[in-house]
Structures are given as C-alpha cells and as structure tokens.
Amino acid sequence: MTQRGFTLLETVVALGVTSSVVLVIAGAVLHATHASAQLARRDELTDDALSVLSDLRVATAYDAAALARLAGRTYVSTVVRDGRTLTVAVDVTRGDAGAPVVASATVTDATGATATESEPLDVAAPAPGSPVEQPSP
C-alpha cells in the first residue's frame with residue numbers, strides 16, 4: 001500500500017522555492033516604485049529649474065543691457081516651494097561678443113536630487129496678444 005502526500009523534505013523545498021520567488025518579485029516591485037518616485041522628483045525639479053529661468057527672463061524684462069550686467073555671476077539661494085526646501089544656483093554666462101546670455105539653473109532638494117536646465121535669456125519678448133504675460137515697461 002502506498003501513502004499519499006508530500007514528505008517533509010519536499011514541503012520544505014517547495015516553501016523555500018516559493019519564498020525565493022516572492023522575495024524576488026517584492027524586490028522588483030520595490031525597485032520599480034523607488035525608480036518611479038525618483039523620476040517624479042526629478043521632473044518636479046526640472047520644472048522648478050525652468051520656472052526659475054522663466055522668472056529671471058521676466059525679471060529682466062527681456063532687456064539686453066540688464067542681462068549683460070548679470071553675465072559672469074552666480075546666484076545661490078534657498079527657497080521653499082510647495083512645502084519643499086530647494087537650493088537654487090543660477091549661473092549666468094555670456095560667450096564672445098554677440099553670443100547670447102545663457103543661464104543655467106541647478107535645483108537641489110533636501111534628498112540631494114538635482115536637476116539642471118540651461119536656456120538663452122536674451123530672446124525677444126512675447127508678441128502682443130501672446131498668452132505669455134507681457135513684462136511691465
């Protein structure tokens with residue numbers, strides 16, 4: 001007469017294999033969640049950097065002389081935006097004569113995540129009737 005069922009050794013091996021598979025899946029899900037959160041944080045920082053550059057462009061009222069005075073300087077400040085403390089470093093450079101004034105904004109949050117964006121600042125002001133807010137004269 002044969003007995004039905006699993007031996008203790010077969011049960012332990014099956015549980016070990018199942019546990020290993022579950023741990024690998026859990027690790028993959030945790031890694032994907034972490035990567036997704038980092039990507040979202042980086043997107044927010046990129047948006048913040050672009051916002052800083054836009055604010056700088058509007059603050060200078062698209063004035064080439066004002067932009068030229070900023071060239072060659074670096075500005076660092078700490079701001080709180082949407083409950084997040086950010087360190088913002090803006091480096092304004094100008095190449096050879098006739099080259100555009102370019103600003104690079106680097107935004108770093110409390111976790112150490114960083115995003116850097118660069119844009120030329122001496123562009124023409126928005127056209128009349130543009131949805132972009134016109135600078136005050």
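The values are calculated or read from the model by the stated rules, or taken from the named source; none is laboratory data. Everything quoted here is computed from the prediction, not taken from an experiment. No Cβ is skipped: glycine too gets one built from the backbone with ideal geometry, and neighbour counts run over all protein chains shown.
Is it the case that the range 92-105 has a residue that's modelled with pLDDT of 90 or more, polar (S, T, N, Q), closer than 14 Å to LEU121 by Cβ and not in a helix (DSSP H, G or I)? Before the answer, list the steps.
Narrowing the range 92-105 to residues modelled with pLDDT of 90 or more: 104-105.
Going one step further and asking which of them are polar (S, T, N, Q), we end up with 104.
Now narrow it down to the ones that are closer than 14 Å to LEU121 by Cβ: 104.
Right, trim to not in a helix (DSSP H, G or I) and you get 104.
Checked against the condition, which is being modelled with pLDDT of 90 or more, polar (S, T, N, Q), closer than 14 Å to LEU121 by Cβ and not in a helix (DSSP H, G or I), the range 92-105 yields at least one hit.
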task: Give ALA65, ALA61, ALA37, ALA32 a once-over and let me know the one that is in a loop (DSSP other than H, G, I, E, B) and not aromatic (Phe, Trp, Tyr).
output: ALA61
